[in-house]
Every structure is written in C-alpha cells, then in structure tokens.
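A.B. asks: The structure that follows is given in the form of structure tokens.
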Amino acid sequence: MNKGYLLVFSTAIISGFSIFINKFGVNVVNPYIFTWLKNLTVAFLLTGILLALKNWKILKNLTKKHWLLLITIGLVGGSTPFLLFFKGLSLTTAAQSSFLHKTMFIYVAILATLFLKEKIDKRFLFGGLILLLGNLILLKKFPTGINPGDLLVFLATIFWAIENIISKYILKELEGRTVAWARMFFGSFFIFIFLLGTSQLSLLTTLTFKQISWVIIISLILFGYVMTWYSGLKFVPVSQATVILLFGSPITTFLSLIFERKISFPEILSSILIIFGIIFIIGFKKTWEMIKGIKKIVYVRA
C-alpha cells in the first residue's frame, strides 16, 4: 500500500495519545511559552537529523522560492495560528474550540480543489457530513452564535488549512523532514519575536522542573507527529490526510476508557461516527491495508 497512508494514520494515533497525555500535563504553564519551548526543542532535534543525514547540503541548494514558502509555513502554520488559538481558547469553551478545529478538513478540501486540483467526490461529501455530525455530538448543543473567541479559533484553523496546502505543494520537490524542520524552526522564531515584543520571555525563569519535564515529553511526541505527518503528506492527497487525522479523537476516547474508566455515551457515538466517516471517505480497502500495515510493524518490533 501507499506508505503515506500508513504514516498519516500513525500521525493520527500519535495525536490521540498526545491529547490524552496532555490531560495530565502542567496546566499552569503559559501556553505561548509552552508552545515556543516545544517548537524550539523539536526544531533542535530536526536540525540534528538534517546534520546527521547531511541534508544541510539540500538547504544550501534551495531556491529563493523554496525559502519563501518554508518561511511562510513557519508563519502561517508554526506560529500565528497557535497565538490565535490559545487567545481564542481563553475566550470560548474547549468543546467549541475543538469542534471548530476539527472542521479544518472542510477548508483543506476546498483549498485543495482550487489550488492543487484534487478531486472531491460524492463519497467525500457524504463522509464529511458524518464527520461533522460526530463532532457536533460532543458539543451537546448546536452552536447558535459566534463570539470573539470562536472567531480567533476559526482564523487559526484557516491558517493551519493554508499551511497544509502550501506544505503539500512544496513536498512535491522537498522531503518531509525538511518541511517539518522549517515549520518548527521558523515557527519558533516568530513566536520568540512575539514573546519578546510582549515581554513574556521573563516567564522562563519561573518554570519548575516538573513543567520542564512535561515540555520535554510533549516535545518528543510532537517530534513524532511532525515527522510522520509531513513524510506521509508527501504521498497522500491533503484532503484525505486531514480526514485521517480526525482518527485521533476516537484514540483519545479509547485511552480514556482504558485508563480512566470514564467515558460518556456521546463520546462513544461520536467516535463510531468519526471512524465510519473516515472509512467511508478513504475506502474500506485502504483502511484495511493501513490496519494490516500497523499490525505488521507491531509484530516485527515485538
């Protein structure tokens, strides 16, 4: 099967674990500082990989167009949307923010059709409705309006959608790890400028050992996320890749059931609908191939 689907499916699994683990993280860390430290740590790790694999030679041969696109990815994907999202999250509910973020696949599909000439068929439209329904169930009530916080989260989601389109475009010519490096390196640079301009860098001195430990743990997870995501996106239509990413939600629900023994019926129903929607869009054959691919990797490593 296309290894890209397996990689993106792995990204979704990592995302599900990340959301679950974040529940136990230190919530008192300033979100902007936390995001900057995570991005910076992953940027260092990716820089090390590029140097070890001698990919720095590739960076030397990049054109001005490549650099412009990579810097843009850092701006619209690795920095600006995080600032918008966390500010918006402080002004609205977590459930509302989560729902808005999970609608990203819609904007990606529209942009992919316009700029990448990807075809969106009826199967995608029907599966998309199922995915929306699954996410709406977690809201418990249909949104009747939009507040400033919702607007900021929505804008962040649009920025991330644009980033994925640009990434997919440039991945035709570059490797996934190069794009991942640019996203994290330039993203951390722009967030640093924001922290410097808002006089928040001094908060670094207040971090505790426990908080720093969580930064390292989440950074390692984020490293796995960006490596699998951009490496897989190179071989998978971006509209389908962002749909597969929604599988992270059922993973989180499953982990909550196992370790917390606490799960609601709406969460179960939502997970079922999301899984069915993904399978319907991707196709039963590709879904089964992805599952077999994961099982084969687990079996070999065991």
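The values are calculated or read from the model by the stated rules, or taken from the named source; none is laboratory data. Given the structure is predicted, the values throughout are model-derived calculations rather than measurements. In this analysis, Cβ positions are derived from the backbone assuming ideal geometry, glycine residues included, and neighbour counts consider all displayed protein chains.
A.B. asks: Go through (1) at pLDDT below 95; (2) of a type in the set (A, V, I, L, M); (3) surrounded by fewer than 22 Cβ atoms within 10 Å (Cβ to Cβ) and name the single condition Ile162 misses.
C.D. replies: (1)
A.B. asks: Which one of these does Leu255 not meet: (1) out of contact with any Lys or Arg (no Cβ under 8 Å at 6 or more places or on another chain); (2) at pLDDT 90 or above; (3) assigned to a helix (DSSP H, G or I)?
C.D. replies: (2)
A.B. asks: So, one more: Test each condition in (1) touching a Lys or Arg at 6+ places or on another chain (Cβ under 9 Å); (2) without any contact (Cβ under 8 Å) to a residue 60 or more places away in the chain for Glu163 and report the one that comes out false.
C.D. replies: Of the numbered conditions (1) touching a Lys or Arg at 6+ places or on another chain (Cβ under 9 Å); (2) without any contact (Cβ under 8 Å) to a residue 60 or more places away in the chain, the odd one out for Glu163 is (2).
A.B. asks: Can you go through Glu267, Glu289 and tell me which one is at pLDDT 85 or above, over 22 Å from Ile166 (Cβ atoms) and of a type in the set (D, E, K, R)?
C.D. replies: Glu267
A.B. asks: Separate question: Could you check Phe235 against (1) aromatic (Phe, Trp, Tyr); (2) touching a Gly at 6+ places or on another chain (Cβ under 8 Å); (3) within 30 Å of Lys286 (Cβ to Cβ); (4) assigned to a helix (DSSP H, G or I) and say which number it fails?
C.D. replies: Every listed condition holds for Phe235 apart from (4).
A.B. asks: Looking at (1) part of a helix (DSSP H, G or I); (2) over 28 Å from Lys172 (Cβ atoms); (3) among the β-branched types (Val, Ile, Thr), which is the one condition that is false for Ile278?
C.D. replies: All conditions are met except number (2).
A.B. asks: State whether one or more residues within the range 7-19 are β-branched (Val, Ile, Thr) and modelled with pLDDT under 90.
C.D. replies: Yes, the range 7-19 has at least one match.
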